[in-house]
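First comes the structure, then the notes that go with it.
Throughout, read-outs are computed from the coordinates displayed, never taken from laboratory work. Please read these numbers as outputs of a predicted model, since none were measured by experiment. Neighbour counts run over all protein chains shown; Cβ positions are idealised from the backbone, glycine included.
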């Protein structure tokens, strides 16, 4: 068990020797991407150097994202262009994990997809049939739509919901209708509620999932963080030792909670969604679920760790 278990210890306030000791306490690093490594396609200062230093130190590196709009190949291309030394096998994405989930269960019907081509391309790679992505607008008043335009396919065996900028009333209606069959699987890539941006809020996949969940009166199997299913490929074959694995994230209710659920060490960075002010609120809360969101250690941003890593390798000061 980590010395700093759920203490939210600021690594910048520890001595050189303590940080070096902490760095030696894990062999595997699993990190979120957006808000930790990059924002809007631009690498955050120092993140590339820190991750590449981790790899140079011999640690296993995995990028783990709830973003279902990209395939692993696309995420690899983006990472390499930014300078990260990663491989496709080191990328864990909800689109790929969703396809793997269905394949492992020998799914042989067709998938109704609410999402993007990131999902459909990963389904194609494992030979699973699916509907196409894109707009499905309301055509006329509801009565006219139901009488003339609503068509349900008879071979749908699963509904997969991810981020869909073309989400619509007809899509929700079709999904719920398919899910009326109790044998139809209901799979959500992730349940991130929203993406805060300056002066606006962009709905996340969780907003669409919740709408369909309410309409269908069904509870989905959630593949993405914080569900351990996202790390099934690492945990089941015992590729990693959970106690010696560090989970890095900027969102506590996905990244840090995943770490708690899997028995990983956790590091919260303040370069994205959640900050120390949020941790203070969870500490005061009487809800035991809030306590699970408190990380072991904290940094303002991942790049702040670079001097400490250099120090641990040289024996100098920082």
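Taking other Cβ within 10 Å of each residue's Cβ, how do 116, 168, 93, 17 sort, fewest first?
Result, fewest neighbours first: 17, 168, 116, 93.
Taking N as the number of residues in the range 39-93, what value does Rg over Cα atoms divided by 2.2 N^0.38 Å take?
For the range 39-93, the normalised Cα radius of gyration is 1.08.
So what's the back-of-envelope 222 nm ellipticity for the chain, counting only DSSP H runs of four-plus at -39500 (n - 2.57) apiece and dividing by all residues, rounded to 500? Can you show the working numbers first?
On the way: 12 runs with 103 residues, N = 318.
Calculated at 222 nm, the ellipticity per residue is -9000 deg cm²/dmol.
Specify the angular offset, from 0 to 90 degrees and rounded to the nearest 10, of the alpha carbon long axis of helix 72-82 from the longest principal axis of the alpha carbons in the chain.
40 degrees
What do you get for the angle between helix 47-56 and the principal long axis of the chain? Use alpha-carbon atoms, 0 to 90 degrees, nearest ten.
Relative to the chain, helix 47-56 is tipped by roughly 70 degrees.
Provide 289, 88 in ascending order of the number of other Cβ atoms located within 10 Å of each residue's Cβ, fewest first.
Values: 289 10, 88 13.
Result, fewest neighbours first: 289, 88.
Once you order the gyration tensor axes a ≥ b ≥ c over the Cα atoms, which shape class does the range 220-270 get: rounded for a/c under 1.5, otherwise prolate or oblate by comparing a/b with b/c?
On the way: a/c = 2.53, a/b = 1.15, b/c = 2.21.
Oblate, because a/c is 1.5 or more while a/b does not exceed b/c.
Along each of its three principal axes, how wide is the spread of alpha-carbon positions in the chain, in whole angstrom units, largest first?
74, 41, 34
For 13, 117, what ranking results if the residue with the fewest other Cβ atoms within 10 Å of its Cβ goes first?
The fewest-first ordering by Cβ neighbours comes to 13, 117.
Hey, what angle do you get for helix 205-216 against the long axis of the chain, alpha-carbon based, 0 to 90 degrees rounded to 10?
Approximately 40 degrees, to the nearest ten.
Go through 132-138, 264-270 and give me the packing order, highest mean Cβ count within 10 Å leading.
The most tightly packed comes first, giving 264-270, 132-138.
Over the range 78-121, with a single point scatterer placed on each C-alpha, what log10 of the ratio I(q)/I(0) does the Debye formula yield at q = 0.16, 0.20 1/Å?
After summing over all Cα pairs, the log10 values are -0.56, -0.75.
Suppose the Debye formula is applied to equal point scatterers at every Cα of the range 96-222; what is log10 I(q)/I(0) at q = 0.09, 0.18, 0.23 Å⁻¹?
-0.25, -0.97, -1.46
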